[in-house]
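Novice: Dropping the structure in here first, questions after.
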């Protein structure tokens, strides 16, 4: 009986000792796991803090690209504002249904055989009258030198242009100085001034005479 009691007592003590050892191991194991858990938590916080700016940056809208990407439809260019068209200055128009001027109306002689072509408004009440001549330039100049009793002035060599003054020029009331201008239209580059009259003869005039009367009309 005593032996049986001692055996049971020994088993009980052994069980208590085993339980105590297990408890001690659990306590020691718990102590060792706590730093690991804290380290894991700290590492997780570090990762969260590090990844938060990346997450916010990814959530932001992309910066607009100034150039179209491949495959994207081309952007329509901004409308171009067209400048207002300039109004072209009308060219001088010949007088309508005007009769052929005479030496009396012009106040100067007209080269014999020349043809009246047109007259144009010179402004300030003046007009200039255009005549075409089949005579050479030199012959017409010689004629006006004798008729006007003056040498005149060669103002251009090419094309040759000779001017004769026939009156006093008043810049306050006149647009052009009164006079006779003889111009050579025949050269290597030009066969003459075209006759504006359809079918008129000659087809081209080698010499053209411009007359600006001294009287204001």
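The values are calculated or read from the model by the stated rules, or taken from the named source; none is laboratory data. Source: prediction; values computed, not measured. Neighbour counts run over all protein chains shown; Cβ positions are idealised from the backbone, glycine included.
Novice: Could you check segment 180-199 and list, in sequence order, the residues that are surrounded by fewer than 14 Cβ atoms within 10 Å (Cβ to Cβ) and assigned to a loop (DSSP other than H, G, I, E, B)?
Specialist: Listed by number, the residues that qualify are 187, 188, 189, 190, 196, 197, 198, 199.
Novice: Also: Can you tell me how many residues in segment 153-177 are closer than 16 Å to residue 214 by Cα and surrounded by 11 or more Cβ atoms within 10 Å (Cβ to Cβ)?
Specialist: Residues that pass the stated criteria total 11.
Novice: When you go through 158, 215, 173 one by one, which is the residue that is under 18 Å from residue 119 (Cα atoms), at pLDDT below 95 and assigned to a loop (DSSP other than H, G, I, E, B)?
Specialist: So the residue among 158, 215, 173 that is under 18 Å from residue 119 (Cα atoms), at pLDDT below 95 and assigned to a loop (DSSP other than H, G, I, E, B) is 215.
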